[in-house]
Amino acid sequence: MGWTAAQTPDQHGRTFLITGGNSGIGFEAARVLAEHSAEVILACRSADKAQQALETLRKYAPAARTSFLQLDLADLSSIKRAAQEAKERFKRSMSSSIMRV
Ligand SMILES: NC(=O)c1ccc[n+]([C@@H]2O[C@H](COP(=O)([O-])OP(=O)(O)OC[C@H]3O[C@@H](n4cnc5c(N)ncnc54)[C@H](OP(=O)(O)O)[C@@H]3O)[C@@H](O)[C@H]2O)c1
């Protein structure tokens with residue numbers, strides 16, 4: 001049998017910024033990481049969708065630290081602003097990231 005998400009090691013102390021984290025593969029990555037004690041930042045273009053996704057995430061991982069960062073990957077000024085905001089808000093904790101490709 002191959003690897004499954006249940007085999008994810010403890011992620012306590014690590015912070016992941018996940019683009020496209022409000023749905024699909026991005027949300028599933030966020031869920032698994034939050035369930036394994038990571039801090040998860042959903043970087044999304046829609047605040048409403050992000051808030052809905054955060055509510056769902058908290059049902060799976062009530063103790064996890066989760067938050068939203070506004071990011072539209074089709075807008076270079078939004079990317080620049082989000083990168084600056086992420087540096088300011090999360091510079092002490094951010095150790096790794098999942099970038100949308
Ligand atoms: N972090 C990731 O999401 C991630 C990681 C690795 C690979 N991928 C790629 O994603 C594909 C599969 O993705 P999927 O099935 O999850 O569905 P998808 O439709 O490809 O991705 C949906 C997510 O991307 C967001 N998104 C789309 N355009 C965006 C933009 N301009 N700025 C910010 N967010 C944007 C969507 O936000 P809205 O709900 O606002 O539309 C939604 O959260 C694969 O082909 C793979 O290459 C994604």
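The values are calculated or read from the model by the stated rules, or taken from the named source; none is laboratory data. Keep in mind that what you see is a predicted model, and the values were worked out from it rather than measured. Virtual Cβ from ideal backbone geometry, glycine too; neighbours counted across all protein chains shown.
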> Out of (1) more than 8 Å from the ligand (Cβ to nearest atom); (2) surrounded by 14 or more Cβ atoms within 10 Å (Cβ to Cβ); (3) at pLDDT 95 or above, the odd one out for M94 is which?
Replying inline: (3)
>> List the residue pairs whose Cβ atoms are under 7 Å apart, where the first residue sits in region 38-51 and is in contact (Cβ under 8 Å) with a residue 24 or more places away in the chain and over 17 Å from D75 (Cβ atoms), the second is within 12 Å of the ligand (Cβ to nearest atom) and in a helix (DSSP H, G or I), and the two are 6 or more positions apart or on different chains.
In response: V40/A30; V40/L33; L42/A30; L42/A50; L42/A53
>> Tell me the residue from R65, R89, R45, R31 that is in contact with a helix residue (DSSP H, G or I) (Cβ under 9 Å, 6 or more places away or on another chain) and more than 16 Å from the ligand (Cβ to nearest atom), please.
In response: R65
> Counting only residues that are over 8 Å from the mean Cα position of the chain (by Cα) and assigned to a loop (DSSP other than H, G, I, E, B), which one in region 13-42 is surrounded by the most Cβ atoms within 10 Å (Cβ to Cβ)?
Replying inline: A38
